[in-house]
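*Asks:* Before we start, here is the structure in question, set down as structure tokens.
The values are calculated or read from the model by the stated rules, or taken from the named source; none is laboratory data. Quantities reported herein were computed from a predicted structural model and do not represent experimental measurements. Please note: Cβ atoms are built from the backbone with ideal geometry, for glycine as well, and neighbour counts cover all protein chains shown. With ligands, DNA and RNA removed, areas are computed over all heavy atoms of the protein, side chains included. Shrake-Rupley method; radii C 1.70, N 1.55, O 1.52, S 1.80 Å.
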Amino acid sequence: MNLLQRTLRLVGPCLTGHRCAGLVLVLICTSPQLRSLAAGIEPPKALDSFFESRCLDCHAGADAEAGLDLTRTLSQGLNSNNTDHDRVWTRIIDRVAAGEMPPEEAEQPTATERDEAVRVASGWLSSTQQKRDARLGRVRGRRLTRLQVERSLHELLGIDIPLANHLPEEGRPRGFTTVAEFQAMSRHYLARHLAVVDEALDEAFRRALETEKVLQRDLSAAEVARTNPRRRCREPEMREGEAVVWSCTMPYYGRIPATTAPVDGWYQFRLTAHGIKLPKEGGVWTAIHCGPCVSTAPLLEPICSFEAGAAPGVIAFETWLPRGHMLEIRPQDATVKRARFEGGQVGMGEGEPQEVPGVAINRLEMRRVFRRPASETRAKLFGDLLIEQTKVAGLSKPVSGKPLKAIEELIPVFAERAFRRPVAAEEVAAYVDLAKTTHAESKSLAAALRVGYRAILCAPGFLYFNEQPGLLDDYALASRLSYFLTGGPPDRTLLASAGSGTLHKPAVLRQQVGRMLAQGAAADDEPTAAERQFTTDFTAEWLDLDQIDFTVPDRRRYWLFDPIVQMAMLDEAHAFIGGLLHDDGPVVNLVAADHSFLNSRLARFYGVEGVAGGKLRQVSLPGSSPRGGVLTLGAVLKVTANGTTTSPVVRGAWVAERLLGLTIPPPPAGVPAIEPDIRGATTIREQLVKHQADASCASCHRQMDPYGFALESFDPAGQWRTSYRSFVKGSKQRSQPIDASGQLPDGRVFSGIEELKHELALQPADIARGVVGHLLVYGTGGELSFRDRQAVEEIVAAAKASGYGLKTLLTEVVASELFRSK
């Protein structure tokens, strides 16, 4: 057996935890047969005999152990562009460097031998990636996400209608929808994109050329209530001159047909209401949802919640209502007494004698609004063209004495805005010719412009980022920065900086970050509108907050959870991260903050005393509270559970990946998942002990399970617990105590969540690395490679003086060469 054959049988468990994995990486570099693939790196030849004497054969051919045939990996990967191969080799290097390979039972290399192996492999991999990135760029062809398409169309056309959900759903196999490698393009996607473009153009031309009808309603209590007092239904009932809805679990109870939207649109509401038969403490917590409010369309969209006190108060809110949708307003506090009604309907007077809290509506004002004025839409479509009234009432049209010249002027301007860069005359000639042809056929300037705009919005220049290998030009950099911070195209100031040729300078980029995040300044030193928007966009994917509605905690088991708690949890997460960004707070607060943002309902759910009122506000947490930081946010605890049970594997992997930026590979093929024992006879920890006995599982579980064990002190609804309960009827085992202790990969131990947070807080640079990594992936659309680690270290080092402030980290990310390169 020659050296190459032995090599191909040696490499084993680089991903799966089997023997002798990483040692072969040095052998590959020393082998004459493979040396040419190692990009000129020449390790000492004396290592050949060392590997020959220590290698075991396990991973080659169809019967390779754990299904990992490195014969194929090696033959395809060293000179290929396959990033999966990069991940394999990164894992090999990390495991050898950490001393995980060779396994304990195998003969170990000396420290010098191990260090040399890591040095050689690291140099080879970095060199290979550097050459590939110079040729292709570290980020492949990247298109706009569906949210970015929506905001781009809003800005280009001066419209405000929701469009993102009309495009195909986007997966997040690497955490973010922005990752170019996984942005699929298909005929189906293109068809949907065209439909969305048509919808956007229809709305824009309608807004610009049609007179809008005023849609406004001022509803009294009688108009809010049911129209037939004798009929049992789910609308509010009249009581002492007010429209009343009682506390009840019945869906759609409290629906208000008088608020049904006659057309799709944004609607502003002003609700005057108060609580009746108040609980012993506080007011009546009430939730507002919208939807068709019929059983054939069961899903409702949450809008907001409020605490109705004894005195009437005004609640103002704005929401998108599709045609035919209406409001549902009802008390939904799960901790107060609830009424019961027969037959799924409510009759007049049936709630009164049950002595339950209710909300009384005195008045409800409804008005359709537009977030952008029609004058802005007209300017974006027609420039300074004259808008003339047609013979059709309420319908106008753009007019010009020289329509062809108008087309020649407006189409290039629109193309520059759509492509986010200057365009040459020959680049837009086809669009201009298409518009002129349409004008010749239709004699309509509006129709001609619409056809030209439609073609531009379906062009690659709109849908894709225009990035070339190497350092980005200033216009490409302006687009990357703008879509990173705002989710939309660059504004005039940013484009002007790009046009001056100065944007690529780190000092200028830092200044632009500050300017862009300062947009929409708020009172009382609160986060700006731009900071809130970035926080909402980034945390939706970074913290998986966009999955908050994916599961609902089992009401029979976690009955204290309700929609009001969920709304408050989401608001808490956004307020916490937004405040950290605004204040440039240290990222150590992500694990060990001494405060959070609560209202009275969420505080009661968390067991935090002394918080009154319905407004979310910053609250100093008592020393006895386990809350504080991202790990114990209710929203995070909810999205990392399935609504019925928790898993330390799932939550632990989430902490390792989302907070610390580690990469946890998928489990080996053929290894069964662990299902919690709902009988309560066996804890999840006891099951994992057996699971970890498998060598192919142990190394990864050591990296993630400890964090998950600490979080077992929180149930699927995010509430504190000290034991597991059995939910099987007749089970003799009613509960099992929770053991939240664990040992971190570096050997440090903790007894529970508080000690875990303390241990994590001792190493703020680790948290900063994780945050920087996610910001880079989200902002550039490229996964971090082995070579990128040095850039991450430089960014983290640059932010050290600020205590690793979140805004400083974000700013240094933008100023880095990694962000400024394709």
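*Asks:* Before rounding to the nearest 500, sum -39500 (n - 2.57) across all DSSP H runs of length at least 4 in the chain and divide by the residue total; then give [θ] at 222 nm in deg cm²/dmol.
*Replies:* The helix contribution divided over the chain gives -12500 deg cm²/dmol.
*Asks:* Sticking with this structure for a sec: Applying 1/(1 + (r/R0)^6) with R0 = 30 Å to the Cβ-Cβ distance of residue 134 and residue 458, what FRET efficiency is obtained, to the nearest 0.05?
*Replies:* E between residue 134 and residue 458, to the nearest 0.05, is 0.40.
*Asks:* Let me ask something else. Give me the distance between the Cα centres of the stretch 365-424 and the stretch 208-283, rounded to whole Å.
*Replies:* 39 Å
*Asks:* Give a quick list of GluC sites (Glu not before Pro) in the stretch 152-186 that DSSP marks as loop, anything other than H, G, I, E or B, with at most 10 other Cβ atoms within 10 Å.
*Replies:* Qualifying residues, ordered by number: 169.
*Asks:* Another question about this same structure. Filter the chymotrypsin sites (Phe, Trp or Tyr not before Pro) in the stretch 507-599 down to the DSSP loop ones having no more than 13 other Cβ atoms within 10 Å, then list what survives.
*Replies:* 550, 559
*Asks:* Using a 1.4 Å probe, what is the accessible area per residue for the chain, in Å²?
*Replies:* Solvent-accessible surface per residue comes out at 43 Å².
*Asks:* Just name one of 159, 139, 125: the one whose Cα is farthest towards the positive end of the charge dipole of the stretch 109-159 (beta-carbon charges, Lys/Arg +1, Asp/Glu -1).
*Replies:* The listed residue farthest towards the positive side: 159.
*Asks:* Something else now. Once you have all Cα-Cα distances for the stretch 315-443, histogram them in 5 Å bins from zero and send the whole-percent values.
*Replies:* Answer for the stretch 315-443: a P(r) of 2, 7, 11, 12, 11, 9, 7, 6, 5, 5, 6, 7, 7, 5, 2, 0 percent.
*Asks:* Please quote Rg/Rh for the stretch 75-199 to two decimal places, taking the Kirkwood radius as Rh and restricting both calculations to Cα atoms.
*Replies:* 1.20
*Asks:* Cα-based Rg of the chain per 2.2 N^0.38 Å, rounded to two decimals?
*Replies:* Dividing the Cα radius of gyration by 2.2 N^0.38 Å gives 1.08.
*Asks:* Could you calculate the contour length gain from residue 105 to residue 278, that is, 0.36 nm times the residue separation minus the distance between their Cα atoms, to one decimal place in nm?
*Replies:* Length gained between residue 105 and residue 278: 55.5 nm.
*Asks:* Over the stretch 414-571, with every protein chain in place, what whole percent of the accessible area is carbon and sulfur at 1.4 Å, could you tell me?
*Replies:* 55 percent
*Asks:* While we're here: Carbon and sulfur together cover what percent of the accessible area of the stretch 227-347 at a 1.4 Å probe radius?
*Replies:* Ligands and nucleic acids excluded, carbon and sulfur reach 52 percent.
*Asks:* When only Cα pairs under 8 Å and 6 or more residues apart are kept, what is the percent relative contact order across the stretch 495-583?
*Replies:* 26 percent
*Asks:* Under 8 Å for C-alpha pairs, at least 6 residues apart: give me the relative contact order for the stretch 445-551, rounded to a whole percent.
*Replies:* Dividing the mean separation by the residue count of the stretch 445-551 yields 16 percent.
*Asks:* Tell me which trypsin sites (Lys or Arg not before Pro) from the stretch 323-414 have a DSSP coil assignment and no more than 14 other beta carbons within 10 Å of their own.
*Replies:* In loop regions of the stretch 323-414 (DSSP not H, G, I, E or B), the sparsely surrounded trypsin sites (Lys or Arg not before Pro) are 323, 337, 340, 371, 391.
*Asks:* So how much slack lies between residue 112 and residue 408, counting 0.36 nm per residue of separation and subtracting their Cα-Cα distance, in nm?
*Replies:* So the extension gain works out to 99.5 nm.
*Asks:* Using alpha carbon coordinates only, what is the Rg to Rh ratio of the stretch 348-390, with Rh defined as the Kirkwood radius?
*Replies:* Using only Cα positions, Rg/Rh for the stretch 348-390 is 1.52.
*Asks:* For residue 758, what is the net charge nearby, where nearby means another residue's Cβ is under 13 Å from its Cβ and Lys, Arg count +1, Asp, Glu -1?
*Replies:* Its environment carries a net charge of -2.
*Asks:* Over 10 Å intervals from 0, what percent of Cα-Cα pairs in the stretch 149-226 sits in each interval?
*Replies:* Result, from short to long distances: 15, 31, 24, 17, 11, 2 percent.
*Asks:* Moving on to the next point. Find the relative contact order for the chain and round it to a whole percent, using C-alpha pairs within less than 8 Å whose residues are 6+ positions apart.
*Replies:* With pairs under 8 Å counted, the relative contact order is 12 percent.
*Asks:* Give the residue from 259, 545, 331 lying farthest towards the positive end of the charge dipole for the chain; charges sit on Cβ (+1 for Lys and Arg, -1 for Asp and Glu) and the dipole is referred to the Cα centre.
*Replies:* Of the options given, the answer is 259.
*Asks:* Further question: To the nearest whole percent, what portion of all C-alpha pairs in the stretch 92-149 is separated by more than 20 angstrom?
*Replies:* Summing the P(r) of the stretch 92-149 above 20 Å gives 50 percent of all pairs.
*Asks:* Right, here's the next one. Any idea which of 446, 736, 175 is furthest toward the positive side of the dipole for the chain, if Lys and Arg beta-carbons carry +1 and Asp and Glu beta-carbons -1?
*Replies:* 446
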